[in-house]
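Worksheet: the structure to be examined is printed underneath.
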Amino acid sequence: MNLNVTQDNLYLFLPSKVSWMAEMLSEDKNISIADAVKEIYASDTYRRLEMEESKLWHLGPVALYEEMK
């Protein structure tokens, strides 16, 4: 079994991280989860997160949220 993270399988990690980040953003800004998700997907942090070579996928949702802020 291949346990290496590559650009081809990185997408498997992103939904749970975005979900946690969206909850935090929604609470902090008093916005809907849908609006929070849209804001995350539009962020520079997400653009870098979806690039394996950035290694941001190593970070947990709290650290990613702080990075985004």
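The values are calculated or read from the model by the stated rules, or taken from the named source; none is laboratory data. The shown structure was predicted, so the numbers you read here are calculated from the model rather than taken from an experiment. Cβ sites come from the backbone with ideal geometry, for glycine too, and all protein chains shown count toward neighbours. Areas reflect the complete protein model, heavy atoms only, side chains present, ligands, DNA and RNA absent. Shrake-Rupley method; radii C 1.70, N 1.55, O 1.52, S 1.80 Å.
Hey, with R₀ at 22 Å, roughly what FRET efficiency would Leu12 and Asp44 work out to, going by the Cβ-Cβ distance, to 0.05?
Details: r = 22 Å, r/R0 = 1.00.
So the FRET efficiency works out to roughly 0.50.
Where the eigenvalues come from the Cα gyration tensor of the chain, what are the semi-axes √(5λ) of the equivalent ellipsoid, largest first, in whole Å?
Details: eigenvalues 104, 24, 20 Å².
Gyration-tensor ellipsoid for the chain: 23, 11, 10 Å.
Please give the charge dipole size of the chain, origin at the Cα centre, charges +1 on K and R Cβ atoms and -1 on D and E Cβ atoms. Round to the nearest 20 debye.
Values: 7 positive and 12 negative charges, 6 e Å.
Computed about the Cα centre, the dipole is about 20 debye.
Can you list the lysines whose alpha carbon is less than 25 Å from that of Lys55, not counting same-chain residues fewer than 8 positions off?
List returned: Lys17, Lys38, Lys69.
Grab the beta carbon distance between Asp28 and Asn4, set R0 = 25 Å, and tell me the FRET efficiency rounded to 0.05. Show your work: numbers first, answer last.
Working: r = 34 Å, r/R0 = 1.38.
It comes to 0.15.
Report the net charge of residues surrounding Ser26, where surrounding means a beta-carbon distance below 10 angstrom and charges are Lys +1, Arg +1, Asp -1, Glu -1. Please report the intermediate quantities before stating the final value.
Details: positive: Lys29; negative: Glu23, Glu27, Asp28, Asp35, Glu39.
Once all neighbours under 10 Å are counted, the net charge is -4.
To the nearest 10 square angstrom, what accessible area does Val37 show with a 1.4 Å probe?
40
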